[in-house]
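The values are calculated or read from the model by the stated rules, or taken from the named source; none is laboratory data. Worth saying up front: this structure is predicted, and the values here are computed from it rather than measured. In this analysis, Cβ positions are derived from the backbone assuming ideal geometry, glycine residues included, and neighbour counts consider all displayed protein chains.
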Amino acid sequence: MKKYLLITTGSILLAVAISFFLLPAQIVTGGTPGMGILLHLIFPVPVGVAMLLINIPLLLIGIKFIDSGFAARSIYAMVLTAVAVDLFNLYLPIPEIHSMLLSTLYGGMFAGLGVGLVLKGSASAGGTTIVAKIIANYTHLKPAQILLIMDSLIILTIGLIFKDMEKILWSMISIYVTAQVIDRILTGIVTEKTINIVSTQLEEIAQAISTQMNRDGSILTGQNLTGEHTKQILFVVIDARHINQLKELVLGIDDMALMVTMEASEMVGDSRIARNLRLP
């Protein structure tokens, strides 16, 4: 039930992105929604119908490569999005937005929210995702690379048809915004950073972090590439707001210390566990 709630919400948001922002500005997005907009701009066919005409054969091609549950949810998402797009265009007053920037950003944002929620519901918002996975199985390319190639071809096509370089650039921005929002939906907004510290005064640094910042971590043992030398590495997970405080503390003890800061792009479980590992 939760999956279908996510899929329903996501499909409606994707339809809003298409009907209210992207289509009026003639901006394409990625995947089958973008192909549907492109087909609508070339031929007198409703966008929703165009999306179904594209999705149905793609889904039939990939049906034997996916499980029945995923297929059923994907069909539901595709049909609902297509129907919602055409109903919005028929019965709702579409407000005029005279700013291409607003149409691009909000269209990309709503599309990203929609596709992200559909993916969260273990479904696909378009058949191109399924086809990309199939092609990836028989080539050295990754699904994301194949989707990027497909999206690039869609953008190139609209540029060639309308001979409008600005349309290409706006569409690229829209697809980028969509991808960023999808990533945030799937991985969450993580404000944590992982810090690896190498120093000759590691124990003093560890003690200072524990007492002055009320943070703990873990001390790991590492070797150089030849395996001749062994060093200890302090691993700490910390909120991004406290990075500068940590730098000042570490460099105040050892100005030759090596600090490597990495983005914690996804945190699974309670990050306090990583913070609270006892230091020796």
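Residues checked against (1) touching a His at 6+ places or on another chain (Cβ under 6 Å); (2) touching a residue at least 24 places away in the same chain (Cβ under 8 Å); (3) surrounded by 14 or more Cβ atoms within 10 Å (Cβ to Cβ):
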| position | (1), (2), (3) |
| --- | --- |
| Val83 | no, yes, yes |
| Ile94 | no, yes, no |
| Phe110 | no, yes, yes |
| Gly126 | no, yes, yes |
| Val131 | no, yes, yes |
| Ile134 | no, yes, yes |
| Lys142 | no, no, no |
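Can you name the number of the only condition in (1) outside any helix (DSSP H, G or I); (2) at pLDDT 90 or above that Pro93 fails?
For Pro93, the failing item is (2).
Given the structure, is Lys247 modelled with pLDDT of 85 or more and basic (Lys, Arg)?
Criteria met by Lys247.
Pick out the one residue from Val198, Val177 that is modelled with pLDDT of 90 or more, surrounded by 12 or more Cβ atoms within 10 Å (Cβ to Cβ), of a type outside the set (S, T, N, Q) and in the same structural domain as Tyr106 (by TED's automatic domain parsing).
Selected residue: Val177, the only one of Val198, Val177 that is modelled with pLDDT of 90 or more, surrounded by 12 or more Cβ atoms within 10 Å (Cβ to Cβ), of a type outside the set (S, T, N, Q) and in the same structural domain as Tyr106 (by TED's automatic domain parsing).
Yes or no: segment 248-259 includes at least one residue that is more than 31 Å from the chain's Cα centre (by Cα), among the charged types (D, E, K, R) and closer than 21 Å to Glu192 by Cα.
Looking for residues that are more than 31 Å from the chain's Cα centre (by Cα), among the charged types (D, E, K, R) and closer than 21 Å to Glu192 by Cα, one finds at least one in segment 248-259, hence yes.
Which of the residues belonging to segment 203-238 are aliphatic (A, V, I, L, M) and in a loop (DSSP other than H, G, I, E, B)?
Met213, Leu225
Can you find a residue in segment 166-176 that is of a type in the set (D, E, K, R), in a helix (DSSP H, G or I) and in contact with a Gly (Cβ under 7 Å, 6 or more places away or on another chain)?
yes
Considering only residues that are modelled with pLDDT of 90 or more, more than 13 Å from Thr104 (Cβ to Cβ) and buried (at least 24 other Cβ atoms within 10 Å of the Cβ), which ones fall in segment 19-31?
None; the set is empty.
Residues checked against (1) free of Cβ contacts under 8 Å to residues at least 24 places away in the same chain; (2) over 23 Å from the mean Cα position of the chain (by Cα):
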site	(1), (2)
Val118	no, no
Ser122	no, no
Ile149	yes, no
Lys163	yes, yes
Glu166	no, yes
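Return the pairs, sorted by first residue and then second, in which the second residue is surrounded by 13 or more Cβ atoms within 10 Å (Cβ to Cβ) and charged (D, E, K, R), the first residue lies in segment 63-77 and is within 11 Å of Lys3 (Cα to Cα), the beta carbons are less than 8 Å apart, and the residues are 6+ apart or on different chains.
From residues that are within 11 Å of Lys3 (Cα to Cα), the pairs are Arg73/Lys3.
In segment 32-68, which residue that is within 30 Å of Asn137 (Cβ to Cβ) and among the β-branched types (Val, Ile, Thr) is surrounded by the most Cβ atoms within 10 Å (Cβ to Cβ)?
Thr32
Just to verify a result, which residue in segment 168-202, among those that are under 30 Å from Leu234 (Cβ atoms) and among the hydrophobic types (A, V, I, L, M, F, W, C), is farthest from the chain's Cα centre (by Cα)?
Leu202
Given (1) more than 30 Å from Leu234 (Cβ to Cβ); (2) among the small types (Gly, Ala, Ser); (3) surrounded by 15 or more Cβ atoms within 10 Å (Cβ to Cβ), where does Ser99 come up short, assuming only one miss?
With (1) more than 30 Å from Leu234 (Cβ to Cβ); (2) among the small types (Gly, Ala, Ser); (3) surrounded by 15 or more Cβ atoms within 10 Å (Cβ to Cβ) applied to Ser99, the lone miss is (3).
Kindly check whether there is at least one residue in segment 3-25 that is free of Cβ contacts under 8 Å to residues at least 12 places away in the same chain, hydrophobic (A, V, I, L, M, F, W, C) and closer than 22 Å to Ser171 by Cβ.
The answer is no; no qualifying residue exists.
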